[in-house]
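Asks: Once you've had a glance at the structure underneath, I'll fire off some questions.
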Amino acid sequence: VRFALSSDQEALRDAARDLLGAEVDAARLRGIAAGHSGVDDELWRRAREQGWLGLAVDPARGGLGLGTVAQAVVAEALGHACGAIPFTATAGWALPALEAAGADCEVGDVLSRGLRVVVGSDHGLVADARGAHAFLLIVGGDARWYVGDAVEVLPRVSLDRTRRLAEVRACAAGTLVGPAALAEAAHEIERVLRGAELVGGMQRLLDLTVDYARHRVQFGRPIGSFQAIKHKLADMLVRVECARSVVYHAAWAREADAPDARYLAAVVATYCAAAARFVAGEALQVHGATGYTWESDVHFWYERTLTDAALLGSTPEEIRRLLSLDPLASGFVP
Amino acid sequence: VDLGWSSEHERFRSAVRNWLADHLPDELRAVPYVSRIGGDDDSLFTARRVWQAAMAAAGYVGLTWPARWGGQARDLAYEVLVQEESARIGAPMAVNSAALYQLAPTLLAHGTDEQRERYLPGILDAREIWCQGFSEPDAGSDLAALRTRAVARDDALVVSGTKIWTTLAARADRMFALVRSDPSSRGSRGISFVLIDMDQLGVTVRPLSHLGGDQGFAEVVLDDAIVSDVVGARHDGWRVATTTLAHERAAMGLANYVRLRALAAELRRLTRSRGLDLIVGALLAELEAFRSLTLRSLSTIMAGAEPSTAEASITKLVWSEWYRRATDVALEVLGPEGVARWGRGARWQPTFLEARAATIYAGTSEVQRNLLAERVLGMPREVRGS
C-alpha cells in the first residue's frame, strides 16, 4: 500500500507547478476573462510543449504512455492555478475515447496539431467549446468526430468567464468514431481528472482563506483566532484531504484496472462536487464583503469551482448512478 | 501511488477470514456497535474476554509487537487486515483495546523490560483488563488541567484525586493514568504516566449509568492509591502518553471504515423506496472518500513515518461525524419506532446513542477542529484563562 507519488510523478508535479506559477497570475486571468473565447491560448501552447496532452496516450500513437495518476497530477496543478485550458476534456475524455475506438488518425491529429477537443451531446451545453478546434459529439447512439466549422457553437453566458459554456449543434455528419458507449467509458477518466482539478481549486481556496484569516484583524485580533472561523477552516481542510485521497485512489484504480475503478470514479463525482461547493461557499463567507467583490481574487476560484462541480456531479442522476454501482447494493452479507 | 495489497497480505487476509468464520461464537456475531464502548452485560463481557484470548492464542493479537514480547514483528498492514476481517464478519473490537492500542505501544516505546515482561502478556490475552484514567471532572477537553496528585510516601508513590467517564473501570484489573507528580507545575508539565492496581483500599469505583447503558462506565476515586509503576521518566508523562496516540488512531481508521460500511448497507435497506437516495448516496460517497483517506494514512505508517496531526485528527473527525449523521437519518426514518426499545428501535437506538459518544470521546469534534486549525493551518492559539 503506497499512496505517495513516484519520483517521476513528483517531478511532473513540480514542473507543472513551476510552469503554471510562472505563466498564470491574477492579471492573466483577468485578461482571459475579458477575452474572446475564455481560453488561454498561450498556456495551451505550453501544455503541448510539455507533452501533457499525450501523457496517457500509448507511445505507439505518439504519447508518453503514463497513466491516470500522472494526468491527475497535472489536472490538480491546473485547478490550483485556475488554468483556463480544456486539458481534462481533451486528455481525459476525447483522447481515451478516440484511442479506445482505434481512431489513430484523429489521435495523431490531436497530438501533432495540438487540437483542443471538447466532448458532449449534440444540442447540449459544453464547456470551453468556443475555443475548441474539434468536437467529439454524441449524436443518437454514435460518437462522431467534427473539426472546426462542422459544429455551430452558440455561446451561453455563464458564471465562470474562464470556463464558458456554449450550446453545440452538429451541422454536418462528421466522422463516425464508434458507439456512444465508447465516450461513456472514457467519461470515467474525465470524472477523475475533473475531480483532480477541483482538488487543486479547493486547495487554492483554502490557501487564500487561511492567509486572509491570519491577516484580517477585527475586534483587535486576527479573525483566524476565533473558533467560529477556525472550525470553518478545519472543515474545509477535511474536505480537501478526503477529496485528494479519493481522487488519487480512483486514478490509481483506473490505471491498475482495479475492479472498483468505475465505482470510485462515481464516488469522485459525487464527493468532490459536494466538497468543492462546501469549500467554495465557506471561502467566500470567511472573506466577507471583500471576497464578494472582484477586487479580491477569490472569485476566480469560486466561479471555477462551482462550474466544475456542476460539470462533475452530485446531481440526482450522478448519485443514483453511484448507488447503482455500490458493490454492496444487494445488502451487506457478513 | 499503488494502493493494492501484496499477495502475501492477501494470503494472510484469507487465512484470517477462514479462521474467524470457523471460530467466532454466535453470541458475538453482529454486536450492534461500531466502536469500543458497547453496553455489555456480564455474559457478553466474559464472552469478549474469552474471544480475545482465543484470538491471541491463534496469533492474531499484537502482530506488530516484537517477537520477544509475544508479537510477530509484522508491519501494520497485518494488524489492519485482522481488524478489517473482524469488522467484516461482525465481531466486536478487542475487549482490552485501551491496553492493546494505547498502553502497549507506550510500554514498548517508553517502558522498561521489567515492565514489559510484567504487563504485556496479560494485555495480549485479556487476562488483565485495563482502563484509561485520563479525564477528570474538571479536566475533560482540557486534559492538561488535571489535578489528581501523586506524592512520594516511604518507597512508594501514592495518588489522590478523581478520574471520571472511565470506560470499563468497574471491570478493570488495572488502570493507566496521568497524574500531577510535580505539585508546583501547571499544564502539561509535571505530569507522570502511572500504573495502578484497581484492587486496593485506596481505589473506589462508583458506577455511572449512561445513555448507551454500559455497565462498566464509572467514576474512580483515588485516595492514597499506591502506584505500581511509572512509565517513562517522572514528570514526563504528557510526552509519554502522546507520542504513540496518532499511530494507533490512524491504524483504527480502516477497521472503523469496514464497520461503518456495513452500517451504510443497512441504512440503504432501511431507507429503500423512501425517496432518500440523495441523502444516502451523499453519505456513501463521504464514507468511501474516508476509506481512501485511511489507506493513505496506512501508507504513511508503512513507509516508516508517524502519521501527521492532520491525518489523525481528520480521521477521528470524519468517521465519528459520519457515524452520527448516518444514525440520525436512521432514527428519523423510523419515527416512533426509533425511540422504542423493540423492533427496529432495538437495533438502531443503541447504535444511534453510541454515535453520540463517538464525537465526544478521544478528543471531541470541537477539539479536533481546533487542533487542525492551529497546528495544521497555523491559526493563532486559543486565548487561555489563568
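The values are calculated or read from the model by the stated rules, or taken from the named source; none is laboratory data. Every value quoted in this text rests on a predicted model; they were computed, and no experiment measured them. Note that each Cβ is placed from the backbone with ideal geometry, even for glycine, and that neighbours are counted across all protein chains shown.
Asks: Restricting to the range A:243-254, count the residues that are within 13 Å of A:L206 (Cβ to Cβ) and either surrounded by fewer than 24 Cβ atoms within 10 Å (Cβ to Cβ) or touching an Asp or Glu at 6+ places or on another chain (Cβ under 9 Å) (or both).
Replies: Result for the range A:243-254: 1.
Asks: Something else: I'd like to check which helices (runs of 4 or more DSSP H) are fully inside the range A:1-52 and have at least 1 residues that are more than 24 Å from A:A94 (Cα to Cα).
Replies: Counting at least 1 such residues, we get A:7-23, A:26-34.
Asks: Taking the conditions exactly as written (under 24 Å from A:E241 (Cα atoms) and facing chain A (nearest Cβ under 9 Å)), does B:E286 satisfy them or not?
Replies: Here the answer is yes, as B:E286 does meet what is asked.
Asks: Next question. Which is over 30 Å from B:D277 (Cβ atoms) and either within 11 Å of another protein chain (Cβ to nearest Cβ) or part of a helix (DSSP H, G or I) (or both), of A:Y248, A:Y212, A:Y271?
Replies: A:Y212
Asks: Just need a number here: residues in the range A:1-58 that are within 14 Å of another protein chain (Cβ to nearest Cβ) and among the aromatic types (F, W, Y).
Replies: The qualifying residues number 1.
Asks: Filtering the range B:292-310 down to residues that are under 12 Å from A:E241 (Cα atoms) and crowded, with 24+ Cβ neighbours inside 10 Å, which residue is modelled with the lowest pLDDT?
Replies: Top of the filtered list is B:S297.
Asks: Testing A:R320 on (1) more than 8 Å from every other protein chain (Cβ to nearest Cβ); (2) surrounded by fewer than 16 Cβ atoms within 10 Å (Cβ to Cβ); (3) among the charged types (D, E, K, R), one condition comes back false. Which one is that?
Replies: Exception for A:R320: condition (1).
Asks: Being part of a helix (DSSP H, G or I) and either surrounded by fewer than 17 Cβ atoms within 10 Å (Cβ to Cβ) or more than 7 Å from chain B (Cβ to nearest Cβ) (or both) is the filter here; which residues of the range A:215-230 pass it?
Replies: Scanning the range A:215-230 gives A:H215, A:I223, A:Q227, A:A228, A:I229.
Asks: Right, A:G140: in contact with an Asp or Glu (Cβ under 9 Å, 6 or more places away or on another chain), among the small types (G, A, S) and surrounded by fewer than 22 Cβ atoms within 10 Å (Cβ to Cβ) or not?
Replies: Yes: the conditions hold for A:G140.
Asks: To continue, here is another question. Across the range B:352-364, what is the total count of residues that are buried (at least 18 other Cβ atoms within 10 Å of the Cβ), within 14 Å of chain A (Cβ to nearest Cβ) and either in a helix (DSSP H, G or I) or at negative phi (or both)?
Replies: 1
Asks: Those residues that are of a type in the set (A, V, I, L, M) and within 7 Å of another protein chain (Cβ to nearest Cβ), I need them from the range A:231-245; list them, please.
Replies: A:L233, A:A234, A:L237, A:V238, A:A243
Asks: Does B:L270 satisfy the criteria of being touching a Leu at 6+ places or on another chain (Cβ under 7 Å) and either part of a helix (DSSP H, G or I) or away from chain A (no Cβ under 11 Å) (or both)?
Replies: no
Asks: Would you say B:Y323 is under 24 Å from A:L233 (Cα atoms), in contact with a Ser or Thr (Cβ under 9 Å, 6 or more places away or on another chain) and at pLDDT 95 or above?
Replies: So B:Y323 passes the test.
Asks: Only one of (1) closer than 26 Å to A:L165 by Cα; (2) modelled with pLDDT of 95 or more fails for A:L12. Which number is that?
Replies: Of everything listed in (1) closer than 26 Å to A:L165 by Cα; (2) modelled with pLDDT of 95 or more, A:L12 misses just condition (1).
Asks: In addition: Within the range B:202-243, take every residue that is of a type in the set (S, T, Y) and farther than 22 Å from B:A144 by Cα and give me the one that is surrounded by the fewest Cβ atoms within 10 Å (Cβ to Cβ).
Replies: Among those that are of a type in the set (S, T, Y) and farther than 22 Å from B:A144 by Cα, it is B:S209.
Asks: Here are some residues: B:L276, B:L331, B:L263. Which one is of a type outside the set (D, E, K, R) and under 19 Å from B:A87 (Cβ atoms)?
Replies: B:L263
Asks: Also, quick follow-up: Can you report the number of residues in the range B:101-119 which are buried (at least 24 other Cβ atoms within 10 Å of the Cβ) and either without any contact (Cβ under 8 Å) to a residue 40 or more places away in the chain or hydrophobic (A, V, I, L, M, F, W, C) (or both)?
Replies: Of the residues in that region, 3 qualify.
Asks: Quick one: what pairs do we get from the range A:240-263, first residue among the basic types (K, R), second outside any helix (DSSP H, G or I), C-beta under 9 Å, 6+ apart or different chains?
Replies: These pairs meet every condition: A:R254/A:G67.
Asks: Out of (1) surrounded by 24 or more Cβ atoms within 10 Å (Cβ to Cβ); (2) among the small types (G, A, S); (3) within 19 Å of A:A70 (Cβ to Cβ); (4) within 12 Å of chain B (Cβ to nearest Cβ), what's the single condition that is false for A:A258?
Replies: (1)
Asks: Return only the number of the condition from (1) within 11 Å of another protein chain (Cβ to nearest Cβ); (2) outside any helix (DSSP H, G or I) that A:L176 does not satisfy.
Replies: Unmet condition: (1).
Asks: Within the range B:89-141, can you find the residues that are within 17 Å of B:T242 (Cα to Cα) and within 14 Å of another protein chain (Cβ to nearest Cβ)?
Replies: Scanning the range B:89-141 gives a single hit, B:S141.
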